[in-house]
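Mind having a look at this structure? Questions to follow.
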Amino acid sequence: MKILFVCQYFYPEVFRGNDIAFHWAEQGHEVNVVCGIPNYPDGKFHEGYGLFKLRHEEIVQEIQGVKKFKGYVKVTRLPIFPRGNNKIMLMLNYFSYLIVAWAWMLFHAMFHKYDRVFVQQLSPVMMSAPGVLYKRLRKVPLYTWVLDLWPESLTAAGGINNKYVLGFFRHFVKSEYKYSDKILMSSRSFERSILEYGSYEDKLVYYPQWSDAATSKDTKNSNTSLSNTDDTNQTDNDQVLENLKIKYQLPTLPEGFKLMFAGAVGEAHGFECTMQAALLTKENKEIKWIIVGDGRRLDWVKSFVKEHGLEKTVFTLGRFPAETMSWFFKQADVMLVTLSDDPLFKLYAPAKISSYMAAAKPIVAVLNGEGSEVIKDADCGWSLTAGDAEGFAKLAIELSQKEKYVLEEKGENALKYYNEHFIKEDCLKRLDDIMNIN
């Protein structure tokens, strides 16, 4: 089967859509990806890529070089502006992909026929437009995976409330929902917003995000999770992690009770609250706040740490390859998932929750809505209202004094919930069923 995969972002940028494309190639399908030149999240083109470098690539093997695909993933990286580090460059990045990809797709559709079109819709919503155009021209089934709600995200993260600007983006939302044969929602709470655009109940399918393959520590029948007590398996796991540390020259983490945030350090992730909590625990030298990742808010975090003398308790480590996350998670006592106090974010269950669960780690969630409910349903950690810095600090102190077995029990609950809801292989097979891909 020939499948057209449309998304502004693709490997080496780290998104769940990579797994989908490689899964289809492994099954023997021909997957054609239309994306931009990789530049997320740094804001500059990744090393080895550019306007005249690696614009076209055929991937016939898994990234780790283990499996040879029966099919292939053919990647076309269209010329776009990099994201840069300001809003002007970000808008140029968004619109350059829209314009170039739409024009490219108009001509591509004349000479290429696919059996299915799949759109991974992140931010911005306009990235779905080339997929919608192909569907309208060629009348083939279109499946759209909605991971960000627009224009709500623009208001929440960008502070934009102009009705004309929002109306412009709603045009793309309406078109996306109207022409999609199925609308896959990464969060059940998205349903209300989507249905405001039409009676699409029959189109809606709940399709959650799974853990990154590199951080998954178990499958339904595996006995190699981090919580495993079998000496042989544990020794093997420890050796794998040690090899990762050596290969990637990973840093030695400070001694103490480690609360770790891993992922994008963005505007939406409530770092004002996290840093205030760190400030309130400043005198508790045993408590260490570890931030693994980078993003637009990282410079502000570093400035806050320096201004308030938190260098001994807050550590910003930067971004590391996805395959190293299992090593970082192993070092943490508790994993953190946070979002800002905005009504939109009540609808989100961040993807990092499933990654933390796969690593059998207890979770502290400082957010509202669906993400908090997932933690409560799984009984795998503790939830606080978004923005509650005092409660966050108090909880950090309490957890640092708890017996180890309490944290381990929460971690075991996390892994159990992951096995029941977020196994990657099960999710990928379900997508095949949804799209009728044999």
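Listed here are the pairs Lys258/Lys376; Lys87/Lys330; Lys282/Lys402; which of them are more than 26 Å apart at the Cα?
Listed pairs above 26 Å: Lys87/Lys330.
Here is a follow-up. Just need log10 I(q)/I(0) for the chain at q = 0.10, 0.11, 0.12, 0.13 Å⁻¹, Debye formula, equal scatterers on the alpha-carbon atoms, no solvent, rounded to two decimals.
So the normalised log intensities are -0.72, -0.88, -1.06, -1.25.
Measuring from label point to label point, each 7 Å out along Cα→Cβ, what is the Tyr405 to His171 span in nm?
6.4
Please give me the summed charge of the neighbours of Glu57: other residues whose Cβ is under 12 Å from its Cβ, Lys and Arg +1, Asp and Glu -1.
+3
Within a 10 angstrom radius of the beta carbon, how do Tyr206, Tyr200 rank from fewest other beta carbons to most?
Ascending Cβ contact count within 10 Å gives the list Tyr206, Tyr200.
Can you give the convex hull volume per residue for the Cα atoms of the stretch 214-422, as a whole number of Å³?
With only Cα atoms used, the stretch 214-422 gives 109 Å³ per residue.
Can you pick out the pairs among Lys247/Lys424; Lys285/Lys394; Lys68/Lys352 whose Cα atoms lie more than 18 Å from each other?
Going by Cα-Cα distance, Lys247/Lys424; Lys68/Lys352 fall outside the 18 Å limit.
Under 8 Å for C-alpha pairs, at least 6 residues apart: give me the relative contact order for the chain, rounded to a whole percent.
The normalised contact order for the chain reaches 12 percent.
For the stretch 384-411 and the stretch 12-42, what is the centre-to-centre distance using only Cα atoms, to the nearest Å?
37
Listing Tyr72, Tyr418, Tyr40 from the residue with the fewest other Cβ atoms within 10 Å to the one with the most, what is the order?
By the 10 Å Cβ count, ascending, the order reads Tyr72, Tyr40, Tyr418.
Sticking with this one: Just tell me which aspartates and glutamates come within less than 20 Å, Cα to Cα, of Lys53; anything on the same chain fewer than 8 places away is out.
Filter leaves Glu13, Asp42.
Treat the count of other C-beta atoms within 10 Å as a stand-in for reagent exposure and order Met275, Met435 from fewest to most.
Taking fewest neighbouring Cβ atoms as first place, the list is Met435, Met275.
Rule-based calculations on the coordinates, nothing more; no lab input. A quick note: this is a predicted structure, and the numbers were derived from the prediction, not measured. As a convention, Cβ positions derive from the backbone with ideal geometry for all residues, glycine included, and neighbour counts pool all protein chains shown.
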